[in-house]
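The values are calculated or read from the model by the stated rules, or taken from the named source; none is laboratory data. Fair warning: this is a prediction, and the values are worked out from it, not measured in the lab. Here the Cβ positions follow ideal geometry from the backbone for every residue, glycine too, while neighbour counts run over all protein chains shown.
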Amino acid sequence: MTYQQYYNKLIKEITDGQKHITDQNKQLKGDKGYFNKEDMYAYMHLRTELNALLAKSEKVAKLITAGDVNANDEIDASVLPDV
């Protein structure tokens with residue numbers, strides 16, 4: 001997988017994650033209109049996962065735009081160990 005393919009994959013996962021969070025927000029609040037303790041933990045877990053994806057995509061974008069890697073290069077595990 002190239003850096004560009006990985007970046008595109010992350011962007012798709014971010015988009016899907018944002019939609020999922022919006023849906024879960026509505027579902028968790030439900031008729032009561034607020035989060036109870038368990039709902040808040042579930043929501044915060046989803047936000048944490050989304051933030052991790054955002055951080056990964058930012059790292060890849062910085063590598064590409066800084067010229068540290070070529071967008072069409074295969075991913076190097078020493079550069080992106082979390083792939």
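Restricted to segment 29-76, and to residues there that are assigned to a helix (DSSP H, G or I), acidic (Asp, Glu) and over 16 Å from residue 10 (Cα atoms), the residue that is modelled with the lowest pLDDT is 31. Here residue 26 meets the list (1) in contact (Cβ under 8 Å) with a residue 40 or more places away in the chain; (2) farther than 25 Å from residue 1 by Cα almost entirely, failing just condition (1).
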